[in-house]
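These notes concern the structure reproduced below.
The values are calculated or read from the model by the stated rules, or taken from the named source; none is laboratory data. Given the structure is predicted, the values throughout are model-derived calculations rather than measurements. Here Cβ is always computed from backbone atoms with ideal geometry, including for glycine, and neighbour counts include all displayed protein chains.
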Amino acid sequence: MHVELLNAFVSAARPGPFADPYCHHSKGSGAHQQHVVLGFAIHGNEHGTLPAALRLQAELSSGELAHGGPLTLLVGNPEALVANERFLEEDFNRVFTFDRPAVSRERKRAERVRPLLDQADLFLDFHQTQTPTERAFWTFPWQHEFGLWARALAVAPVGLTRKPGQAFSPGMCCLDEYVRGRGKTGITVEVGFRGQDAAQSDATYRAARRLLQLVDIVQAGVATLESCALREPALSWYQSTSIVRAETPEHRLRPGYRNWSTVERGALLSPEGAPTLVAAASGVVLFPKYPPPGQAPPPELLRIAERLDDPSELKG
């Protein structure tokens, strides 16, 4: 089904000035020039948001969806999507450093996508988690404006944040980080567990429509972003306080952890027979990883995050 969705998107795509068959561009009414870019399937097995992209694409083509400024829908890693794999050679959401030759498929794709991101004023990246999650959540370094966008969009009740300017993975660069590096707005929301899911697709569609409406309202001076945000419930924010790493190929997590599972300090995190891993702090689990048998674990097995009373106190 996911390949059929991709083919349908490509067959109807109008790339506009970007000459990429995996994006769909609309110039808008000309009321303003704030270019919104929406990211889908940045990881190939996170294709559950593609039905929302197709719905938006159809409404743009028919004229049902009216918006004031430029809008581009981007399918990030189509080759990995066809294979239903997170990525093929390198994580596409980590290679926007442009500090070495583009040898891997993902770095070549990044070179293709770069001109689009160079024109983005606001980039909203729709992701799905690799392990089940108890709720949708935001993830980006703290800036007051980013927090206002997250609250105003009302698509997730919680967020994982970090110090302003801090990279998610040191030495690497995500798409939203690349946009932020240009001084523009780049934020990411994890809408749910990977795969096709009607509720996640609907939430993605509603968030995209809401974002376009907010941009038009703010640009027209009808309301401020802050006033729009304050109409929605406040979010709960968390910060990573501990990262559990795999020091050897034998390190593993015990089964059952989901995103937002709770854990107590001192809890045993490893299964029987594996090297001991102990929680260094109490909090919630985020991004737990379970590589298949025979595959080496990633450097980071999970993060433990704690609640922040006031994320504005984070210092860069």
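Among all residues of region 225-243, there is none that is on the phi > 0 side of the Ramachandran plot and outside the structural domain of G294 (by TED's automatic domain parsing). Residues that are among the aromatic types (F, W, Y) and in a helix (DSSP H, G or I) were ranked within region 139-152; the one that is farthest from L314 (Cα to Cα) is W149.
If you filter region 123-150 down to residues that are among the aliphatic types (A, V, I, L, M) and crowded, with 21+ Cβ neighbours inside 10 Å, you find that the one that is nearest to the chain's Cα centre (by Cα) is L124. Would it be correct to say that W260 is among the aromatic types (F, W, Y), under 28 Å from K163 (Cβ atoms) and either in the same structural domain as L122 (by TED's automatic domain parsing) or in contact with a Pro (Cβ under 7 Å, 6 or more places away or on another chain) (or both)? It is false that W260 is among the aromatic types (F, W, Y), under 28 Å from K163 (Cβ atoms) and either in the same structural domain as L122 (by TED's automatic domain parsing) or in contact with a Pro (Cβ under 7 Å, 6 or more places away or on another chain) (or both).
Taking (1) of a type in the set (S, T, N, Q); (2) closer than 27 Å to I304 by Cβ; (3) touching a helix residue (DSSP H, G or I) at 6+ places or on another chain (Cβ under 6 Å) in turn, S201 satisfies each apart from (2).
Residues that are part of a strand (DSSP E or B) and either surrounded by fewer than 16 Cβ atoms within 10 Å (Cβ to Cβ) or without any contact (Cβ under 8 Å) to a residue 12 or more places away in the chain (or both) within region 237-261 comprise T241, I243, R245, listed in sequence order. Only one of these conditions is not met by S261: (1) modelled with pLDDT under 95; (2) closer than 27 Å to V189 by Cα; (3) among the polar types (S, T, N, Q). Which number is it? S261 satisfies every listed condition except (1).
The number of residues in region 210-231 being outside any helix (DSSP H, G or I) and under 16 Å from H35 (Cα atoms) comes to 0. Considering region 153-194, and only residues there that are of a type in the set (A, V, I, L, M) and in a strand (DSSP E or B), the residue that is farthest from the chain's Cα centre (by Cα) turns out to be V158.
From the list A207, A234, A305, A296, the lone residue that is surrounded by 13 or more Cβ atoms within 10 Å (Cβ to Cβ) and not in a helix (DSSP H, G or I) is A305.
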